[in-house]
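The values are calculated or read from the model by the stated rules, or taken from the named source; none is laboratory data. Nothing here was measured: the structure is a model prediction, and the numbers come from that model. Here the Cβ positions follow ideal geometry from the backbone for every residue, glycine too, while neighbour counts run over all protein chains shown.
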Amino acid sequence: MSYHMYNREAETMPREKLRELQSERLCAMVKRVYEKVPMYRERFESMGLRPEDIKSIDDITKLPFTYKQDLRDNYPFGLFAVPMDEVVRIHASSGTTGKQTVVGYTANDMRLWGEVMARTIGAGGITKADIGHISYGYGLFTGGLGGGLGSETIGCATIPASTGNTKRQVTIMQDFKPTFLLATPSYALTIAEYMEQNGISTDEIYLKAGFFGAEPWTESMRKEIERRLNIKAYDIYGLSEVIGPGVAYECECQNGLHVNEDHFYLEIIDPETGEQLPDGTEGEIVFTCMTKEALPLIRYRTRDVGMRIPGECECGRTFVRMVKPAGRTDDMLIIRGVNVFPSQIESVLMELDGIAPYYQMIVEREGNLDKLTVLVELTEETFTDEVRKLEAMSKKVTDAIHSVLGIAAKVKLVEPKSIERFEGKAKRVIDKRTQVNF
Ligand code: DLL
């Protein structure tokens, strides 16, 4: 089988040549941030590190980490490596805590973003003959404008639908005939649900593929979206600080996400010690931007949990693959000492029949004990007034969570459509725990 690629030359570059390119680019970048970004110069100096000490990509571990807090401390533009008159775009990510993280792009950065997003969408077989429907939010969030840029770079007619007004989105799908969709996986499900409720079949729309990301989603969620929208669903990963969507993407083999390694260098580290971990070991994802001009971050601690996949991919790309990120270290709940990611709860629920793919987790503290309540939505077919049936269902879910995660959770079954639907990133956890009073 011949696999689709937007830039075959770059995507299949021999590893040796790629390493040379990475070394060259890293050395130039280190020199640039030392000259242009006061925080990096100070940090290097305090470590007794000179740009000349970095001679190849192997020296990357000598460099200091960059943390989200550094962006906050230098809010809004303090880490930019170019004067403001070279910046052509600003985005910001709201995050859940603290000040917004502000990121900037030069004209070259915009071309780079278009290129990596074109590789992302192109990997799913999209060509300029296709029509793109972009339902990520347009605005300060990078999803909408970044997704649209990739679609336009390929040369596709691009519909900047943004999020919300699902009825209008579906009308556009019927009338403008887009062939691919970009949205959060949760919004893709909201669109599917709207169509089902309004008797609109997938034969009345023209989608063949979708590129979903911006939040963790499971394999079962992929199957659900593929079935309900009758498309092939690809995962796309990225974060504003690195460029936005387009940092890593799935190929047709769908066996991990290829990192655009000629621009972003991936490391997996032990979050406690900062040591680099070998391929096949789970840890914190760290990225170094090797070519970005406006905001080149060195060894940026993403707080996402990931792993480098050893071995080559059948598609012929030489870029390293990482596993689908299961969550963020700061999304990880520690419930009575057990680490729990919302995506683990999702996997458990999606395996059970009669349950809709919507859930919410509420964490509270009673005395000194954490209590987890999982709100689980029933489907129209399983929703019933019969207490005994509901109890049996509730027990089934409680047992499944207990056997997979090893923790006891209180399961609350709720009526169909009672859990909030999301247009952007889903908010699945409500953590009500407060400080313990001793
Ligand atoms: O979410 C960029 C993006 C837009 C990616 C559209 C993909 C599609 P931020 O708002 O800065 O940027 O949020 C970045 O979202 O650190 C991850 O925790 C999470 N995330 C993004 N993509 C995935 C994914 C955009 N495919 C944060 N799987 C990241 C799991 C993801 N988590």
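When each of G148, G164 is tested for being surrounded by 18 or more Cβ atoms within 10 Å (Cβ to Cβ), in contact with a Gly (Cβ under 9 Å, 6 or more places away or on another chain) and not β-branched (V, I, T), the lone residue that passes is G148. Within the option set K389, K371, K425, being outside the structural domain of P14 (by TED's automatic domain parsing) and either exposed (fewer than 15 other Cβ atoms within 10 Å of the Cβ) or among the hydroxyl-bearing types (S, T, Y) (or both) holds for one residue only, K389. Can you work out which of the residues in the stretch 283-307 that are touching a Gly at 6+ places or on another chain (Cβ under 7 Å) and farther than 23 Å from N74 by Cα is nearest to the ligand (Cβ to nearest atom)? It comes out as V305. Which one is surrounded by the most Cβ atoms within 10 Å (Cβ to Cβ) among residues in the stretch 108-145 that are small (G, A, S) and more than 16 Å from the ligand (Cβ to nearest atom)? Only one residue tops the list, namely G125. Check whether at least one residue in the stretch 80-92 is under 23 Å from F211 (Cβ atoms), in contact with a helix residue (DSSP H, G or I) (Cβ under 7 Å, 6 or more places away or on another chain) and either in contact (Cβ under 8 Å) with a residue 60 or more places away in the chain or more than 15 Å from the ligand (Cβ to nearest atom) (or both), and report yes or no. For the stretch 80-92, residues under 23 Å from F211 (Cβ atoms), in contact with a helix residue (DSSP H, G or I) (Cβ under 7 Å, 6 or more places away or on another chain) and either in contact (Cβ under 8 Å) with a residue 60 or more places away in the chain or more than 15 Å from the ligand (Cβ to nearest atom) (or both): present. Out of the stretch 321-340, which residues are out of contact with any helix residue (DSSP H, G or I) (no Cβ under 8 Å at 6 or more places or on another chain), in contact (Cβ under 8 Å) with a residue 40 or more places away in the chain and more than 16 Å from the ligand (Cβ to nearest atom)? Selection gives I335, R336. The set of residues in the stretch 341-359 being of a type in the set (A, V, I, L, M) and either within 11 Å of the ligand (Cβ to nearest atom) or in contact (Cβ under 8 Å) with a residue 60 or more places away in the chain (or both) consists of I345, M350, A356. The residues on offer are A409, A400, and the sole one that is under 27 Å from N255 (Cα atoms) and either within 16 Å of the ligand (Cβ to nearest atom) or at pLDDT 90 or above (or both) is A400. Residues of the stretch 270-295 that are without any contact (Cβ under 8 Å) to a residue 60 or more places away in the chain and in contact with a helix residue (DSSP H, G or I) (Cβ under 9 Å, 6 or more places away or on another chain): E275 alone.
Whenever a residue of the stretch 34-58 is modelled with pLDDT of 95 or more, its partners that are in a loop (DSSP other than H, G, I, E, B), lying with C-beta atoms within less than 6 angstrom and at least six residues away or across chains, give the pairs K36/A81; V37/L79; V37/A81; R43/P64.
Filtered by the rule that a residue be surrounded by 15 or more Cβ atoms within 10 Å (Cβ to Cβ) and farther than 16 Å from T302 by Cβ, the stretch 256-287 gives G256, H258, D262.
Please go through the stretch 315-334 and give me each residue that is in contact with a Gly (Cβ under 7 Å, 6 or more places away or on another chain) and in a loop (DSSP other than H, G, I, E, B), ordered by number. Across the stretch 315-334, the qualifying residues are V323, P325. For the stretch 214-226, filtering for residues that are free of Cβ contacts under 8 Å to residues at least 60 places away in the same chain and buried (at least 16 other Cβ atoms within 10 Å of the Cβ) leaves 2. Scanning the stretch 95-107 for residues that are touching a helix residue (DSSP H, G or I) at 6+ places or on another chain (Cβ under 9 Å) and either within 14 Å of the ligand (Cβ to nearest atom) or not hydrophobic (A, V, I, L, M, F, W, C) (or both) returns G95, G98, K99, Q100, T101, V102, V103, G104, Y105, T106. Cβ-Cβ distances below 6 Å connect the following pairs, each with a first residue in the stretch 120-141 that is under 21 Å from H91 (Cα atoms), a second residue that is β-branched (V, I, T) and in a loop (DSSP other than H, G, I, E, B), and a separation of six or more residues or different chains: S135/T163; G137/T163.
Only residues that are assigned to a loop (DSSP other than H, G, I, E, B) and either within 24 Å of C289 (Cα to Cα) or of a type in the set (V, I, T) (or both) were counted in the stretch 99-135, giving 5. Can you confirm whether the stretch 316-335 contains a residue that is of a type outside the set (A, V, I, L, M, F, W, C), under 24 Å from G283 (Cα atoms) and touching a His at 6+ places or on another chain (Cβ under 6 Å)? Yes, the stretch 316-335 contains at least one residue that is of a type outside the set (A, V, I, L, M, F, W, C), under 24 Å from G283 (Cα atoms) and touching a His at 6+ places or on another chain (Cβ under 6 Å). Any residue at all in the stretch 237-254 that's out of contact with any Pro (no Cβ under 7 Å at 6 or more places or on another chain), assigned to a helix (DSSP H, G or I) and not assigned by TED's automatic domain parsing to the domain that holds E380? Within the stretch 237-254 (the criterion being out of contact with any Pro (no Cβ under 7 Å at 6 or more places or on another chain), assigned to a helix (DSSP H, G or I) and not assigned by TED's automatic domain parsing to the domain that holds E380), the answer is no, since none of the residues qualifies. Within the stretch 188-233, being among the aromatic types (F, W, Y) and either assigned to a helix (DSSP H, G or I) or within 15 Å of the ligand (Cβ to nearest atom) (or both) holds for Y194, F211, F212, W217.
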